[in-house]
Structure formats: C-alpha cells, structure tokens
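Contents: one structure, followed by commentary.
The values are calculated or read from the model by the stated rules, or taken from the named source; none is laboratory data. These figures come from a predicted structure and were not determined experimentally. Using ideal geometry, Cβ is built from the backbone for each residue, glycine included, and neighbour counts are taken over all protein chains shown.
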Amino acid sequence: MTRRAVFAVLAVSVLVGNAFASWNVNIVRSSGILNPPSVAVNVPTTVVTSPLPQITFETANAVPNPIIVGNGTSFTNGTFTGIYTISPQAGNNTLLTGFNFVISGLVFGQALIAWHKKVVRNSDNAILYNDSGVIAGSGFGGTDGAFSILIPAPLAQPANDVSVYETFLLFVLPSNPTSTAALLFVEQDWVPEPASMLALGSGLVGLFALRRRKR
C-alpha cells in the first residue's frame with residue numbers, strides 16, 4: 001500500500017511539473033522618459049516564473065521619478081516602454097493562450113494615457129496580439145479619478161516562446177495646471193492552454209482508477 005501511495009505521489013508530481021513548469025522571463029527594457037527636460041527613468045519589475053509567467057512593471061516606483069506628468073511635477077508628457085521575452089524551461093510543454101492585462105493609474109482634467117501592446121512569436125515573427133487604447137480625463141471626454149483596468153488578451157494562436165512590446169504615452173495640456181496623468185503599475189498574468197489542464201486532470205483520474213483496481 002505504501003509503495004502504491006509513493007508511486008501515485010511521484011506520478012502526480014510529474015504531471016503537475018509538466019503542466020505547470022517554470023518559465024524563462026527576460027526583461028529587455030523597462031524605462032521611460034519624462035519631458036521637459038527629458039529625464040530618463042528606470043522602472044523596477046516584479047517577475048514570477050512559476051507556475052505561470054507574471055510580469056509587473058512598477059511604474060509608480062520608477063527612479064528618479066515615478067511615471068507621472070502634470071500637477072505637482074514639472075513634466076507635461078512622458079513615455080514608458082516595457083519589452084520582455086518568455087520561453088519554457090526544460091521539460092515544460094505548456095502552451096500559453098493569452099494573458100490578463102492590468103493597467104492602473106490616474107487621470108484628471110485635460111490628461112490622457114495612450115497604450116499599445118504587441119506580442120510576437122519568436123520562431124516565425126508571427127504577431128499573436130496587437131492592440132491599443134486610450135484612458136482620458138474629463139477634459140478629453142473621459143472620467144477623472146483613479147482607475148484599474150483589466151483587459152483579457154487572447155493570443156491568435158497558442159505559443160510558449162514570445163516577445164512582448166508595450167509602450168505608454170502620458171500627456172497633459174500645459175495650460176491646465178491641475179491636469180494629471182499617472183501610471184501606477186502595469187501587470188500581465190499569463191494563461192495556459194486548457195488542454196494542459198485537461199491533460200493534468202485526465203492523468204489524475206487515471207491514477208485514482210488504477211489505485212482502485214489494485215485494491
């Protein structure tokens with residue numbers, strides 16, 4: 001009985017390891033520019049590589065200045081660029097089908113934040129995701145205040161070896177001194193292919209059935 005239990009635990013460990021193995025995540029760029037007078041800033045990142053990739057750009061903690069323009073700063077516009085790659089570690093056969101894209105910040109008055117994001121498969125340079133959007137304050141037809149937006153972002157095809165490019169533009173009208181655009185953080189939580197989950201579930205069912213037959 002003990003040997004069977006040990007075998008079951010080992011088999012489950014193999015299945016879990018295959019469905020949720022670790023990933024290689026390489027941050028190529030995480031930086032921005034605030035104008036005027038063109039101040040370069042570096043943005044720290046938080047990266048999780050297991051069980052699934054999770055990448056957070058901590059734009060509110062950028063050095064020497066957070067990614068904020070308008071009221072309380074000398075900046076009227078700015079940019080942030082994030083570039084990173086994802087690839088599987090040895091033994092990881094999981095495919096990714098997309099990610100949950102989270103943008104958190106604040107806009108007030110004549111202010112806006114425009115974003116663009118693209119995902120490219122490294123093996124053939126196929127574009128798997130390409131989208132953009134604008135978050136505007138009341139002066140540009142939007143809503144003032146803090147925001148946190150969750151955007152489900154499916155890939156055109158499942159993949160496990162990609163490069164991700166994202167850019168943000170922050171802008172306020174200098175004529176309105178209270179206008180503010182702030183980017184607090186940008187996060188992406190990657191999602192596995194359902195088939196990977198099904199493979200894990202089928203394997204577990206098979207193990208339990210085998211154990212019952214041996215009793």
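General observations
- Residue list for region 98-110, filter: of a type in the set (Gly, Ala, Ser) and assigned to a loop (DSSP other than H, G, I, E, B): Gly109
- Scanning region 44-97 for residues that are closer than 21 Å to Pro192 by Cα, hydrophobic (A, V, I, L, M, F, W, C) and in a loop (DSSP other than H, G, I, E, B) gives Leu52, Ala90, Leu95.
- Among all residues of region 159-168, there is none that is touching a Leu at 6+ places or on another chain (Cβ under 9 Å), surrounded by 16 or more Cβ atoms within 10 Å (Cβ to Cβ), charged (D, E, K, R) and in contact (Cβ under 8 Å) with a residue 12 or more places away in the chain.
- Test result for Ser148, of a type in the set (S, T, N, Q), loosely packed, with under 13 Cβ neighbours inside 10 Å and free of Cβ contacts under 8 Å to residues at least 40 places away in the same chain: no
- Meets criteria (within 14 Å of the chain's Cα centre (by Cα), surrounded by 16 or more Cβ atoms within 10 Å (Cβ to Cβ), modelled with pLDDT of 95 or more and part of a strand (DSSP E or B)) for Gly32: no
- Note on region 48-82: among residues that are hydrophobic (A, V, I, L, M, F, W, C), more than 17 Å from Ala159 (Cβ to Cβ) and in contact (Cβ under 8 Å) with a residue 24 or more places away in the chain, the one that is surrounded by the fewest Cβ atoms within 10 Å (Cβ to Cβ) is Ala60.
- Options Ser179, Ser138, Ser148; residue that is modelled with pLDDT of 95 or more, under 17 Å from the mean Cα position of the chain (by Cα), within 23 Å of Phe80 (Cα to Cα) and polar (S, T, N, Q): Ser148
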